[in-house]
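The values are calculated or read from the model by the stated rules, or taken from the named source; none is laboratory data. Just so you know, these numbers come straight off a predicted model, no measurement behind them. Neighbour counts are summed over all protein chains in view; Cβ atoms, including those assigned to glycine, are modelled from backbone coordinates with ideal geometry.
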Amino acid sequence: MTHRHVYVVDDNPAFRASAHFWLSGAGYAVRDFGDPERALAALCRHPPEVTACLLLDVHMPGLSGADLHARLQEQGVDIPVIYMSGQAEVAQAVLALQRGAVSYLEKPFAEQALEEALDRAFGAVAVAAVSAVPRPPSTCDAAPCGPSDPHRQAWLQRLARLTPREREVHHWVIQDRLNKSISDLLGISIKTVELHRANLMRKLGARSLTHLVKMTVSGCVS
């Protein structure tokens with residue numbers, strides 16, 4: 001019998017069915033919900049000694065993913081959360097990470113991306129169990145990097161490689177500004193913005209916009 005439970009909360013029945021099939025085949029015990037309120041009630045009843053994580057859609061009618069996450073935290077339900085969204089939204093990704101999410105996946109995501117996110121989620125559970133300390137809200141996959149953390153040092157080294165203009169573009173990209181808006185703010189062409197954006201993504205080792213946000217918010221390489 002599996003000791004790893006995954007709750008899936010998404011208002012798309014086709015996605016829930018697909019996720020349930022894949023997760024069950026991978027050996028997880030799965031419960032899926034299209035109604036966030038029902039999911040909230042079930043999660044509040046989940047035995048704390050049973051290892052679990054939550055796959056949570058960002059956009060749902062009624063109670064949003066962020067609202068559900070906040071309600072769980074208010075109820076003292078300490079469960080790793082993996083956010084999912086069909087849209088690459090910087091503001092939503094930042095909010096998710098600031099709330100302590102272990103990952104933010106953009107739909108459609110590859111099986112490998114989900115496997116890695118689940119590994120981080122259940123890894124966070126294992127760390128919390130060993131330390132016997134409740135997992136605090138975090139902006140990184142586990143905990144914010146300290147000044148001497150090698151991941152923090154790697155991030156600072158990457159930042160140092162950016163030119164002054166790339167730093168400016170990076171700042172506005174993280175603020176969820178479009179290339180046209182950044183072009184107007186900096187007084188440069190859209191093509192130049194695109195070039196700086198591509199260069200900073202490469203120098204910082206960002207695989208996607210969400211990955212860039214995660215590293216910037218946490219201050220460490222992930």
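Quick notes
- Neighbours by Cβ (under 6 Å, 6+ apart or cross-chain): first from the stretch 94-107, at negative phi; second surrounded by fewer than 18 Cβ atoms within 10 Å (Cβ to Cβ) and at pLDDT below 75: Glu106/Ala88
- Tabulated pairs, the stretch 2-18, first within 22 Å of Ala41 (Cβ to Cβ), second among the polar types (S, T, N, Q) and surrounded by 14 or more Cβ atoms within 10 Å (Cβ to Cβ), C-beta under 8 angstrom, 6+ apart or interchain: Arg4/Thr51; His5/Thr51
- Test: Glu111 is over 24 Å from Asp35 (Cβ atoms) and either modelled with pLDDT of 85 or more or among the acidic types (Asp, Glu) (or both): yes
- Meets criteria (modelled with pLDDT of 90 or more and either closer than 19 Å to Tyr104 by Cβ or touching a Leu at 6+ places or on another chain (Cβ under 9 Å) (or both)) for Arg197: no
- Residue match in the stretch 79-89 (condition: of a type in the set (A, V, I, L, M), in the same structural domain as Val8 (by TED's automatic domain parsing), crowded, with 17+ Cβ neighbours inside 10 Å and in a loop (DSSP other than H, G, I, E, B)): yes
- Test: residue in the stretch 161-172 that is within 21 Å of His5 (Cα to Cα) and either under 21 Å from the mean Cα position of the chain (by Cα) or modelled with pLDDT under 85 (or both): no
- Test: residue in the stretch 27-45 that is charged (D, E, K, R), surrounded by 15 or more Cβ atoms within 10 Å (Cβ to Cβ) and touching a residue at least 40 places away in the same chain (Cβ under 8 Å): no
- Scan of the stretch 1-37 for residues that are hydroxyl-bearing (Ser, Thr, Tyr) and in contact with a strand residue (DSSP E or B) (Cβ under 7 Å, 6 or more places away or on another chain), ordered by number: Thr2, Tyr7, Ser24, Tyr28
- Residue in the stretch 166-173 that is surrounded by fewer than 17 Cβ atoms within 10 Å (Cβ to Cβ) and out of contact with any Phe, Trp or Tyr (no Cβ under 6 Å at 6 or more places or on another chain) present: yes
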